[in-house]
Amino acid sequence: MRLVWKYVDKMRCFRKRSAIPLLGVLITCLLFLNLFIEDGYVLEEDKRQRETSIHQLNSERYVHTFKDISNFSGTINVTYRYLAGSPLPRKKYLTIGLSSVKRKRGNYLMETIKSIFDQSSYEELKEIVVVVHLADFDLAWCESLVQEISRKFAHHIIAGRLLVIHAPEEYYPSLDGLKRNYNDPEDRVRFRSKQNVDYAFLLNFCTNLSDFYMMLEDDVRCSRNFLTAMKKVVTSREGSYWVMLEFSKLGYIGKLYHSKDLPRLAHFLLMFYQEMPCDWLLIHFRGLLAQKDVIRFKPSLFQHIGYYSSYKGSENKLKDDDFEEDSFDIPDNPPASLYTNINVFEKYDATKAYSNVDEYFWGKAPSTGDFFVIVFEKSAKISKIKIVTGTDDRQNDILHHGALEVGEKLVGTKKGKQCTSYITLGEFKNGNIEVRDVNRQIAFDIDCVRIVVTASQKEWLIIRSISIWTTQPSGQ
């Protein structure tokens with residue numbers, strides 16, 4: 001009988017031990033589902049997401065990191081060290097976040113901070129706060145660097161425009177025994193996994209500092225008045241849904257978020273910290289919150305200047321060829337619907353011409369009277385319109401004969417909204433047209449912009465870009 005009780009007791013222990021990892025998996029799944037279901041979105045994972053899985057909470061420090069998470073809208077419980085400056089009570093318009101670690105070769109952080117402040121006007125400086133996360137575990141290096149920052153940028157620290165913080169090592173999850181996805185070497189996996197956590201803690205800190213958050217890397221140069229250009233873009237997209245706007249095509253540079261989304265992004269990076277690099281995770285996060293397409297604006301507002309990578313000091317010569325030092329004149333391209341009766345070739349649809357990425361509309365040979373129309377979601381006062389057709393490798397696929405018109409008085413039709421009255425602004429020359437001071441020529445708020453083909457052509461038509469600049473909206 002005693003042997004039977006021993007056997008039963010062993011079975012109980014076995015059940016308890018086996019229930020622990022099962023419970024951990026269930027909790028992780030619930031957290032994962034909460035991120036995606038919280039806003040009522042029905043999400044569809046792509047191939048890469050199906051190939052990755054949620055890692056086990058396999059260390060006490062990792063559990064400590066997640067212990068206070070009941071949902072993804074709250075901040076993570078981390079006690080930060082303030083190395084320089086402290087937050088002001090007034091919320092700013094924009095927080096610019098930088099995370100930096102000790103490099104084996106080169107250091108560009110001071111140059112990056114200087115560029116942010118030098119390229120901003122006095123009025124713009126009132127609207128920004130820069131947060132630098134010195135994320136290296138070498139505290140002596142952190143102390144040395146913060147002394148240099150404090151000497152060179154003392155007035156910005158005193159004014160509350162610059163904060164330097166450090167998240168203690170004890171809050172980090174395990175960086176040993178990590179998954180080696182994509183056959184990356186162990187030190188590479190450790191580097192990128194820690195970088196994900198560095199960014200997560202930075203995002204977490206910045207949650208309540210401003211309305212918007214911009215992520216930069218610690219080796220960039222800014223364009224002049226980048227904040228004003230960025231604000232124009234944000235204003236033009238009021239009323240339309242977005243998760244991430246991109247002002248550079250490189251890495252984790254120039255990515256803009258609503259500050260209200262930072263807690264979820266921080267949790268997301270922590271949950272998948274060992275799965276893949278941060279810039280890949282960002283693509284998944286954006287898609288999971290129902291922004292399927294990249295929304296990137298040109299010219300780029302930030303340029304990568306680092307020659308040596310923070311990983312092993314290896315060479316990194318990446319440059320953004322869309323960057324312009326003076327990019328104040330960035331187009332607004334207000335939210336709009338696009339229609340055309342020109343036969344579209346494959347997937348080169350009308351929206352491609354209005355986007356700010358390297359895509360274009362491509363249609364088969366147009367005939368007299370064919371049109372391409374942009375219908376704004378809200379009436380707009382327009383200062384300038386610029387349209388470019390053809391490409392460098394297809395220089396004959398231009399609009400040989402066409403006119404540019406603007407319209408008003410929207411009415412609903414079976415084919416969607418259309419304007420009933422149009423005025424011609426000008427004719428295309430060599431496939432292009434640029435009209436300035438539109439608001440001085442046109443007395444009404446514009447509802448539509450229309451390209452009209454005035455003579456048939458044998459060549460196909462590429463509309464490479466449609467750029468529209470607006471003035472202050474009516475009633476403001």
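All of the numbers you see were taken from the coordinates with simple rules; none came from a lab. Just so it is clear, the structure is predicted and the values come from calculations on it, not from any experiment. Neighbour counts are summed over all protein chains in view; Cβ atoms, including those assigned to glycine, are modelled from backbone coordinates with ideal geometry.
A few notes on this one:
- Theoretical gain in end-to-end length, residue 341 to residue 423 [0.36 nm per residue, Cα-Cα removed]: 27.5 nm
- Share of Cα-Cα pairs in the stretch 99-253 lying beyond 22 Å, as whole percent: 48
- Two-site FRET efficiency, residue 444 against residue 122, from Cβ-Cβ distance with R₀ of 41 Å, rounded to 0.05: 0.65
- Charge tally in the Cβ shell below 14 Å around residue 153, where Lys, Arg are +1 and Asp, Glu are -1, residue 153 excluded: +1
- The stretch 74-157: C-alpha gyration tensor shape, a/c 1.5 cut-off, then a/b vs b/c: oblate
- Working from Cα pairs under 8 Å separated by at least six residues, relative contact order for the stretch 137-268 is 25 percent.
- Extending 7 Å from the Cα toward the beta-carbon at both residue 283 and residue 170 defines two label points whose distance is 3.9 nm.
- The length gained by stretching the chain between residue 228 and residue 90 to full extension, at 0.36 nm per residue less their Cα-Cα distance, is 47.7 nm.
- Shape category assigned to the stretch 337-470 from the gyration tensor of Cα positions, a/c cut at 1.5: prolate
- The stretch 214-258 shape via C-alpha gyration tensor axes, a/c threshold 1.5: oblate
- Distance between modelled label sites at residue 186 and residue 365, nm, 7 Å Cα→Cβ extension: 6.6
- Protection-proxy order for peptides 256-265, 148-157, each taking the mean of Cβ atoms within 10 Å per residue, highest first: 256-265, 148-157
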